[in-house]
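Let me begin by presenting the structure, written as structure tokens, before commenting on it.
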Amino acid sequence: MKIPNLLSLYRLLLSFVIPSLWIKGVSFEVIFILILTGVLSDTLDGNLARLLKQRTSLGKILDPLADKVFINMLFFLFYWMGRIEASFFAVIIMRDIFILLGAIYLFKKGLTIRHISPSILGKTSTVFQLLTLVVLFVDVYLKELPSYLIKAILNSTIFFTAASGFHYFLIFRKLSQYHFSP
């Protein structure tokens, strides 16, 4: 287990710890610190893997899995609280399901993980999703933020999430045609 993989594993573990603490009504400061450490672990794991030359096959699977589980769990909690619309939550979830199904399809057809790497739109989407989560948490628990700011961030997040989903569709289509054409 390399340090970057441990950070991804930590984020994955937080995906199960945070909801139980949230539902039990544990202090928002504790939850906020856990969310921030989860967000920081997302930034650190990839950068450390490159810096320390510790990229692993496990990390290429564990990092995006931890990202998606962590992010979707938090969005679910905000949906459950009534802080985001079902349509917003659906776009986030559907994009991730689409990417997962597309990757499974390509793997079943014989493509290895090295053929698929995160796109700049995918990374931008993740950054906006994490920013949205922090802003929502601040708005709910620390200080009410202007509604126009929240709306702008939510709209930007939807835009980048949908754009990255479409971009991954194009990538999967190209890989499928290139590698599986007769």
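Tell me, please, whether a residue that is surrounded by fewer than 16 Cβ atoms within 10 Å (Cβ to Cβ) and among the basic types (K, R) can be found in the stretch 85-98. Scanning the stretch 85-98 turns up no residue that is surrounded by fewer than 16 Cβ atoms within 10 Å (Cβ to Cβ) and among the basic types (K, R). Within the stretch 22-42, being at pLDDT below 90, farther than 16 Å from V138 by Cβ and surrounded by fewer than 12 Cβ atoms within 10 Å (Cβ to Cβ) holds for I23, G25.
Just one of the listed residues (L131, L149, L145) is free of Cβ contacts under 8 Å to residues at least 40 places away in the same chain, over 29 Å from S176 (Cα atoms) and not in a helix (DSSP H, G or I), and it is L145.
Can Y141 be described as out of contact with any strand residue (DSSP E or B) (no Cβ under 7 Å at 6 or more places or on another chain), buried (at least 17 other Cβ atoms within 10 Å of the Cβ), of a type in the set (F, W, Y) and closer than 23 Å to S20 by Cα? Taking the combined requirement at face value, the residue does not satisfy it. Of the residues L106, L154, the single one that is in a helix (DSSP H, G or I) and under 30 Å from G25 (Cβ atoms) is L154.
The values are calculated or read from the model by the stated rules, or taken from the named source; none is laboratory data. Since the model is a prediction, treat every value here as computed from it, not as a measurement. Cβ coordinates were reconstructed from backbone atoms using ideal geometry, including for glycine residues, and neighbour counts include every protein chain displayed.
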